[in-house]
Amino acid sequence: MSPFNLVVTALLAAGVACEALCALGVLVMRGAFQKLHYASAGTTVGAFFIGAAVVARETLHPGGAVELSAGGLETLAAVAFMFLLGPAVTISPSQPPGVAFDPDKIPKGSPGSGAVRVANTGERPTPAADGNGIFRTVCLYSHMNTDDPLAAPGRPGSTYLHMYWGNTGVSAASTAASVAGGGNSTCRGGIVDRSAYWLPALIDTKTRAPLAPDLVHVYFESGYSGVRSDQVQPMPAGLRMLAGDARATGPQDHAKWICWDGGKSSGTVPRCPAGDHVALELYFPQCWNGRDLDSADHQSHVAYATPGHGCPATHPVALPQISFHALYPVGTGTDTSGWRLASDTYPAGQPGGYAVQGGWVGGWRADIVNTWIPGCVRAAATCGSHMLGDGRVLQGDK
């Protein structure tokens, strides 16, 4: 093979190899914007090598003659179009909305359990000292993605980064039926609780690393804000809702941050001592309109109780109040000053933590949820973080 043909062949081989590697990247990458980066590289770098080979082969001929054939001109035009398209693909949605993060630093989550993890131990709850019934569970972090099955259904990669626990299969394609019917669970009890739970991911902006909580406590309670424990009704299958405001630029009434081992609550990420946890707490509405399992804004079908008066007439059905308590570890030398929620898109000069919004899609097995509601919440009992109220307990890894 002549040196000329060897160069042309090498350029073509480099272009084809680049296209193949980029195609593999598109297949294996997790997020839409990472896929777009690989697609862009294929249409720029790969196109450059192929275009160089075309130019060499179609314009340079033995004897020094320079001539571009009609077929070569068409090929070169197509390659040039691909080369110009690449930057446009990269510039548009290459980074999703929200606080910037490094996708390679997303922490690995728990794979969850695909088993029913319920045991009969004979343990019974104790009457609550304040008369307020409460059932709790403990869950491990599952995964992160730039999806939101309620706010952006069917649009993967279109939102700020979210942190999920409970159902391990939650994505933009998830529905109430798919949540209840499939996926492992990272919560105690295994697949008796396939509910989807999520919050904005917490990001260390100094390293662009998303942070995973050690664990998340989820409370289901009543007896507060004028809603008596005995007024609480079963949770309807398929119920789903959002709480909080992802556009907030100041403290919210139903979201707060605290140092878990003690300290005053605030609307922003606190400085906590080593060995403690930074805890993000979000409280959901507990009053339902009795008709709709969802609403256009995913909030109007539910309402918060009025302190001292209970559920409003527009939303008369009292349900257990759900609250999230996500615990992020603080180690020796941990600097929380750069911690922000992925949804904290207001000016960086303001402290992080205001834009809290969480989501919940019910996935409890009916016989289990209808055991702990009467056995714990309606009975005004304290069921710890595992008891169902009938002598059985939920088992888990934490």
Only one of these is more than 29 Å from residue 151 (Cα to Cα), in contact (Cβ under 8 Å) with a residue 40 or more places away in the chain and charged (D, E, K, R): 392, 340. Name it. 392
Mind listing whichever residues of the range 262-294 are more than 21 Å from residue 355 (Cβ to Cβ) and touching a His at 6+ places or on another chain (Cβ under 7 Å)? 287, 288, 289, 292, 294
Given (1) closer than 28 Å to residue 117 by Cα; (2) touching a Leu at 6+ places or on another chain (Cβ under 9 Å); (3) part of a loop (DSSP other than H, G, I, E, B); (4) not β-branched (Val, Ile, Thr), residue 183 misses just (2)
Suppose we keep only residues that are outside any loop (DSSP other than H, G, I, E, B) and not β-branched (Val, Ile, Thr) within the range 377-398. Which one would you say is surrounded by the most Cβ atoms within 10 Å (Cβ to Cβ)? 394
Just the residues that are surrounded by fewer than 23 Cβ atoms within 10 Å (Cβ to Cβ) and in a loop (DSSP other than H, G, I, E, B), please, taken from the range 144-159. 150, 151, 153, 154, 155, 156, 157, 158, 159
Whether any residue in the range 327-346 is in a helix (DSSP H, G or I), at negative phi and of a type in the set (A, V, I, L, M, F, W, C) is what I want to check. no
Does residue 132 meet the test of being surrounded by 12 or more Cβ atoms within 10 Å (Cβ to Cβ), in the same structural domain as residue 224 (by TED's automatic domain parsing) and either more than 22 Å from residue 393 (Cα to Cα) or not hydrophobic (A, V, I, L, M, F, W, C) (or both)? yes
It is to be established whether one or more residues within the range 261-273 are touching a residue at least 40 places away in the same chain (Cβ under 8 Å), surrounded by 20 or more Cβ atoms within 10 Å (Cβ to Cβ) and over 19 Å from residue 325 (Cβ atoms). no
Any chance you could count how many residues in the range 347-375 are part of a strand (DSSP E or B) and of a type in the set (A, V, I, L, M)? 1
Can residue 208 be described as in the same structural domain as residue 268 (by TED's automatic domain parsing), farther than 17 Å from residue 370 by Cα, charged (D, E, K, R) and in contact with a Phe, Trp or Tyr (Cβ under 6 Å, 6 or more places away or on another chain)? yes
Give me the residue from the range 339-373 that is touching a Leu at 6+ places or on another chain (Cβ under 8 Å) and aliphatic (A, V, I, L, M) and, out of that set, surrounded by the fewest Cβ atoms within 10 Å (Cβ to Cβ). 368
Check whether at least one residue in the range 288-300 is in contact with a Phe, Trp or Tyr (Cβ under 9 Å, 6 or more places away or on another chain) and either crowded, with 16+ Cβ neighbours inside 10 Å or over 30 Å from residue 231 (Cβ atoms) (or both), and report yes or no. no
Verdict on residue 237 being within 13 Å of residue 143 (Cα to Cα) and either in the same structural domain as residue 280 (by TED's automatic domain parsing) or touching a residue at least 12 places away in the same chain (Cβ under 8 Å) (or both): no
Tell me the residue from 320, 312 that is farther than 30 Å from residue 98 by Cβ, at pLDDT 95 or above and crowded, with 23+ Cβ neighbours inside 10 Å, please. 320
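The values are calculated or read from the model by the stated rules, or taken from the named source; none is laboratory data. Just so we're clear, the structure is a prediction, and the values are computed from it rather than from any experiment. Cβ: placed from backbone, ideal geometry, glycine included. Neighbour counts: every protein chain shown.
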